[in-house]
Amino acid sequence: MSRQPVPGALVLGNAGELKLLWDFGGRRRLNVLHFTGTSTRPVNQANVDITNEAIRGIFGSSGLGALTAPVYGLAGITCRDMSTSTAAEFSGTNLTPVVGTGTSDALPSQIALVASLKTDKRGKNYHGRVYIPGADETDSDGAGLPTTPYITAVRLFVDEIRGHLASVNWPMAVVSRAYPADDANGLAAKPADFANVVSVTVDASFDTQRRRKI
């Protein structure tokens, strides 16, 4: 049996959690991202609103909004400081969905295109994945693969979020949970930590994701 992470809430100093909130016919789906820098730039309503409006704008500037089915929209974000298990979660003040302007019906709701987050550390604990929903029928070619424009838009969307977070001193990161010692296999205990995201790549095939619902 493989070593399991320490259970319970993940508490990690100088780190924050950011959720992208997607609207799908009145239902919500989410992506969970992480960032660092909370020890010098706090998670508060004013700072969350700045990032909320920036990411809502990136949905359009990346080209993703124009390729997203109109039954989907990006509502905004929530953020919380991870340095304690009881830190408040702040929602962006404006959560009116920015609706996709794609021209065709949506692909099945479990379909997503995955953006992979590469970091400055090695190991599977330091690679992140972001499942982007909302592709429409024109974003899939005759072989059922995502089109080049859609792949590009998804990559730009996530990478422009990374760029914005860097610009406000909340660098995007992948967090790794703590693991207990495994004496039988000679593995020392590993504390929770994080790795900075250095690049974003996108798969050339669709994936399925059914768990990111709220």
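Tabulated values for the structure
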{"item": "Residue in region 54-88 that is surrounded by the fewest Cβ atoms within 10 Å (Cβ to Cβ), counting only those that are without any contact (Cβ under 8 Å) to a residue 60 or more places away in the chain and under 30 Å from Gly8 (Cβ atoms)", "result": "Thr86"}
{"item": "Any hit, region 11-27, residues being charged (D, E, K, R), modelled with pLDDT under 95 and either loosely packed, with under 13 Cβ neighbours inside 10 Å or more than 18 Å from Ala178 (Cβ to Cβ) (or both)", "result": "yes"}
{"item": "Region 115-126 - residue that is buried (at least 17 other Cβ atoms within 10 Å of the Cβ) and assigned to a strand (DSSP E or B) and, of those, farthest from the chain's Cα centre (by Cα)", "result": "Thr119"}
{"item": "Filter result for the condition that a residue is of a type outside the set (A, V, I, L, M), over 26 Å from Ala54 (Cβ atoms), touching a Pro at 6+ places or on another chain (Cβ under 9 Å) and not in a helix (DSSP H, G or I), over Ser109, Ser85", "result": "Ser109"}
{"item": "Qualifying positions in region 138-193 - of a type in the set (Val, Ile, Thr) and outside any helix (DSSP H, G or I)", "result": "Thr147, Val168, Val174, Val175"}
{"item": "Residue check for Thr78: modelled with pLDDT of 95 or more, hydroxyl-bearing (Ser, Thr, Tyr) and in contact with a Gly (Cβ under 9 Å, 6 or more places away or on another chain)", "result": "yes"}
{"item": "Thr93 being more than 15 Å from Gly16 (Cβ to Cβ), in a loop (DSSP other than H, G, I, E, B) and out of contact with any Gly (no Cβ under 8 Å at 6 or more places or on another chain)", "result": "yes"}
{"item": "Some residue of region 39-53 being of a type in the set (Asp, Glu), in contact (Cβ under 8 Å) with a residue 40 or more places away in the chain, surrounded by fewer than 22 Cβ atoms within 10 Å (Cβ to Cβ) and touching a helix residue (DSSP H, G or I) at 6+ places or on another chain (Cβ under 9 Å)", "result": "no"}
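Okay, residues lined up against (1) of a type in the set (D, E, K, R); (2) closer than 23 Å to Asp23 by Cβ; (3) surrounded by 14 or more Cβ atoms within 10 Å (Cβ to Cβ):
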position: Val130; (1), (2), (3): no, yes, yes
position: Thr138; (1), (2), (3): no, yes, yes
position: Tyr150; (1), (2), (3): no, yes, yes
position: Ala173; (1), (2), (3): no, no, yes
position: Ser176; (1), (2), (3): no, no, yes
position: Asp182; (1), (2), (3): yes, no, yes
position: Val198; (1), (2), (3): no, no, no
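The values are calculated or read from the model by the stated rules, or taken from the named source; none is laboratory data. Model, not experiment: these values are computed from the prediction. Note: ideal-geometry Cβ built from the backbone for every residue, glycine included; neighbour counts use all protein chains shown.
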